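The values are calculated or read from the model by the stated rules, or taken from the named source; none is laboratory data. The shown structure was predicted, so the numbers you read here are calculated from the model rather than taken from an experiment. When we count neighbours, we look across all protein chains shown, and the Cβ atoms used for this are built from the backbone with ideal geometry, even at glycine.
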Amino acid sequence: MAVSHEPRIVGFLCNWCSYAGADLAGTSRITYPANIRIIRVPCSGRVDPLFVVKSFQLGADGVLIAGCHPGDCHYTEGNYHTRRRFALLRPFLDYLGIDQERFRLEWVSASEGKKFSEVVADFTETLKRIGPREI
Amino acid sequence: MIEEIRNKAKELLETKTVDCVIGYEPATDNLTSRPVFIYEPSQVNRLIFDETCVHNLSKYLINRRYKPTGIVAKPCDTRGINLLLNEKQLRRENLFIIGVVCSGIRKVRFNQIENSMPTKCQYCSQHTPVIYDFLVGEPVTEAPTHNYSDITEIENMSPAQRKAFWSEHFDRCIRCYGCRQVCAGCYCYECFGDELDPLWVGIRIAPGENWVWNTVRAFHLSARCIACGECEHICPVNIPLMLVNRKLEKDTLHLFDFEPGIDTEIVPPFATYKKEDKLGTGE
């Protein structure tokens, strides 16, 4: 008998947009799956590829990086750097055996509580479909 | 060829242009070669250059950055020098580069020179040094080409196959960190692999610790690896590290149209950004 799989998502949310967006989702009473474990970072540019690799090693089923929309970064350029790094890191992790779909970059602004809940719901859905990650 | 290198080294040492020439000499097994530091003009006859000169000597320049130094460099090593110059680790005025035209070196196994070439040479088409003060040999005029057939082969595997392929290789890793020690691009004073708090790469023997090390080591060299193949050459358990490095090289070329170590002035892709970047993600 199959036990339903509850994926664990590590979410790195930028303090200025996405964390506030997640907060808005909470204060607006918007429900989203509790599968995400949120880590607040000063900027999406703070997310070292090492954090992502370490999350996967310690058993995360998915990693989400969320930051301000391009052009809206509190530090002007942090998210542009994130975008470049992500573009290279995602295919690289895929090459080393971690499905592309398990690693996401999303732009969520402080006013997008609804979008945040949709992103988490969609990501959880995807991870449930792929199933647990074998370590 | 060897005479040219010796004469130039002698001239450099006699005129005191440099204090030291870094090159190759025969190793004690009478077969392979090893790095040598020549300080006296009378010693230049120890220098050789042949198809066993595998080492990338550019790593030694980091400790001699303030002292005038001559170096014998193959094309891949000159890319290493370019990388270090680009990252402001060396001073051009303190360097005298004796570039050597190279058509590939040979593998040595069981005390015999084999007919096959190491991975780095099989896919290399840069036969003329990219930076030099004095060139030994006839420069090759053909433009370098890129061949990533080995990478595409792995990319075309199924995810499960790929996972099995890498876990088979990474499980062998003994984390000797030789790949880092020998790498011209790894000059951090404190490597993330040595940090104890936080302990990024655990000291326990557990699944994934080797994977973390190998993944992040390679990613720290993304858009920086100059494909000298020293990590793969040094690896005591024969992990095909060039397959990891060359994947990043391929993607960097594709996404940013950038090749590390070709130019000393160009800004590397991760040190800059473009607002209008079209990378297929997060636009």
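Listed values, structure above:
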{"item": "Elements of type strands (runs of 3 or more DSSP E) contained in the stretch B:25-130, each with 3 or more residues being buried (at least 22 other Cβ atoms within 10 Å of the Cβ)", "result": "B:69-73, B:95-100"}
{"item": "Selection count, the stretch B:1-19, where residues are surrounded by fewer than 19 Cβ atoms within 10 Å (Cβ to Cβ) and more than 23 Å from B:GLY104 (Cα to Cα)", "result": "7"}
{"item": "Answer residue from the stretch A:97-122, given it is assigned to a loop (DSSP other than H, G, I, E, B) and at the interface with chain B (Cβ under 7 Å from one of its Cβ atoms) and is surrounded by the fewest Cβ atoms within 10 Å (Cβ to Cβ) among those", "result": "A:ASP99"}
{"item": "Residue selected from the stretch A:52-78 under the condition polar (S, T, N, Q) and within 25 Å of B:TRP166 (Cα to Cα), by the criterion farthest from the other protein chains (Cβ to nearest Cβ)", "result": "A:SER55"}
{"item": "Some residue of the stretch B:238-251 being more than 9 Å from chain A (Cβ to nearest Cβ), surrounded by fewer than 19 Cβ atoms within 10 Å (Cβ to Cβ) and either without any contact (Cβ under 8 Å) to a residue 40 or more places away in the chain or not charged (D, E, K, R) (or both)", "result": "yes"}
{"item": "Failed criterion for B:CYS191 (all others in (1) surrounded by 12 or more Cβ atoms within 10 Å (Cβ to Cβ); (2) modelled with pLDDT under 90 hold)", "result": "(2)"}
{"item": "Failed item, numbered, when B:GLU168 is tested on (1) part of a loop (DSSP other than H, G, I, E, B); (2) within 29 Å of B:HIS146 (Cβ to Cβ); (3) without any contact (Cβ under 8 Å) to a residue 40 or more places away in the chain", "result": "(1)"}
{"item": "Positions within the stretch B:170-209 being under 22 Å from B:ASN245 (Cβ atoms) and either within 10 Å of chain A (Cβ to nearest Cβ) or of a type in the set (Asp, Glu) (or both), in sequence order", "result": "B:PHE170, B:ASP171, B:PHE192, B:ASP194, B:TRP200, B:VAL201, B:GLY208, B:GLU209"}
{"item": "Qualifying residue in the stretch B:126-136 (condition: in contact (Cβ under 8 Å) with a residue 60 or more places away in the chain and farther than 30 Å from A:PHE92 by Cβ)", "result": "yes"}
{"item": "Any hit, the stretch A:19-37, residues being within 14 Å of another protein chain (Cβ to nearest Cβ) and among the hydrophobic types (A, V, I, L, M, F, W, C)", "result": "no"}
{"item": "Selection count, the stretch B:255-278, where residues are facing chain A (nearest Cβ under 7 Å), buried (at least 17 other Cβ atoms within 10 Å of the Cβ) and touching a residue at least 24 places away in the same chain (Cβ under 8 Å)", "result": "2"}
{"item": "When residues of the stretch B:143-169 are limited to those that are within 11 Å of chain A (Cβ to nearest Cβ), buried (at least 16 other Cβ atoms within 10 Å of the Cβ) and touching a Phe, Trp or Tyr at 6+ places or on another chain (Cβ under 9 Å), the one farthest from A:ASP99 (Cα to Cα)", "result": "B:ILE151"}
{"item": "Criterion (free of Cβ contacts under 8 Å to residues at least 12 places away in the same chain and acidic (Asp, Glu)) met by exactly one of B:GLU25, B:GLU14, B:GLU40, B:GLU3", "result": "B:GLU3"}
{"item": "Residue among B:PHE270, B:PHE219, B:PHE256 that alone is touching a helix residue (DSSP H, G or I) at 6+ places or on another chain (Cβ under 7 Å) and farther than 24 Å from B:GLN181 by Cα", "result": "B:PHE256"}
{"item": "Residue within the stretch A:79-96 that is β-branched (Val, Ile, Thr), at the interface with chain B (Cβ under 10 Å from one of its Cβ atoms) and part of a loop (DSSP other than H, G, I, E, B) present", "result": "no"}
